[in-house]
1. Taking 0.36 nm per residue of separation and subtracting the Cα-Cα distance, what length does fully extending E139 through T282 add?
2. A124 to K92: FRET efficiency via 1/(1 + (r/R0)^6), r the Cβ-Cβ distance, R0 25 Å, to the nearest 0.05?
3. Once both labels are modelled 7 Å past Cα along the beta-carbon direction, what's the N155-D66 spacing in nm?
4. Going by average Cβ neighbours within 10 Å, how do the peptides 256-268, 89-101 rank, with the highest at the top?
5. For A238 and L114, what does the FRET efficiency come to when R0 = 56 Å and r is the distance between their Cβ atoms, rounded to the nearest 0.05?
6. With the crude spin-label approximation of a point 7 Å out along Cα→Cβ, what separation in nm comes out for R178 versus Y318?
7. Order by neighbour count: W132, W148, fewest other Cβ atoms within 10 Å first, most last.
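What follows draws every value from the coordinates through simple rules; no lab data is involved. Note that the structure is a prediction, hence the values are computed from the model and not measured. Backbone-built Cβ (ideal geometry, glycine too); neighbour counts: all protein chains shown.
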Amino acid sequence: MHRRLQQVNKLLQAYSSGKFDRQLDASTGNEIIDACIIGINMLGEELQATTISRNYFNNIFHAVSDMIFVLYKKGIIKDINQSVTTHLHYHKSEIVNKPIHFLFNTDDRRLFALILQQLKNNVANVAMETSWKTVYGTELPVRINAEWLKTSANNRNGLLLTVKDITSSINTKNLVIRAMVETQEKERKRIARDLHDSFGQQLSAIKFYISALAAAIKDNGHKEILLKSNEALTNMHADMRSICFNLTPKTLEEFGLLKAVYELCSQMEINESIRFQVKCKTSVPHLSKAIETDIFRVVQEFINNSLRHGKASKIVIYFEPTESTLAVKLRDNGIGFNIDDMGYIGLGLQIVQSRIKSHGGKIKIISQPGKGTLYHFFVPINA
């Protein structure tokens, strides 16, 4: 019996080192020992089956091309798959037991709190796009899908994040938007040219004939009608010039970005109930026409947003050039909004982002209800 117990002890030691395929013959003639051996053999079979299942799961877990994060309920990283180290270049030991938000850019760290809040509100699966930092400090655009990990009793015991690298789709989308923007700019120039060369000349000719007729006619009643007609044509001509400027400002081509923005603000003060201030402590450096056009269009879009959505009555525009970048800020006194409620990004903002990002720049929007909105973007000067 002593020898048999030694064999049982060796078997248990084998199991403790992961050798679950070992078995003992149960035919000892001692019912108690045989029952123990049978039980131990069954335990070994179950452990082996569990190990095979776990290994199978681990193989799948690490073979998936998407990044997978297993988190504790409060967002601390419990485990990651191999794809995380492939995409972000962190070693596993540099990530595990850290809060997930350290991977987010500083401005986007609130996004994980939003994900967590939506899950707590019983949203089954939360999806969100953002950018994460690699170990080298570069940005990786990603789409995050988050859901609860649950026990067999349906209790929440963690979070599962499936994170996809969307660099390729973002690049494709930006190329499409960029092509659309360039086509739009060409069409703007064509329409502005046609308006100026054809319609503008015809208006000028009609104004000349009406002025000549008003000077020759003696009937005061008819003269007044002609003078009012001439005044209406003058206003129409001014409106046409404003439309041409918005389509393709000649000032931008001839005198540069700052002069064009000054002229834009002056025209809008005439046509809209709004006051502008344009501030620039130092001269804006010479930039390529492509960059100046994109900055002008972004300023134009943000002004329109402040008027249409923000109901602003005052906008201050700051130009802040440095040796390496040009930062532009637009601050309005409008109604503001909750950034967390932005939700879907419309085509207008997508185009704005594409314009700035195509030059290596970034955009940031800060707003609160009742406190107005700050639009802030910058581009490298040597882009």
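1. Here the segment from E139 to T282 would lengthen by 48.3 nm.
2. 0.30
3. 2.8
4. 256-268, 89-101
5. Computed FRET efficiency for A238 and L114: 0.75.
6. 3.0
7. Fewest-to-most Cβ neighbours within 10 Å comes out as W148, W132.
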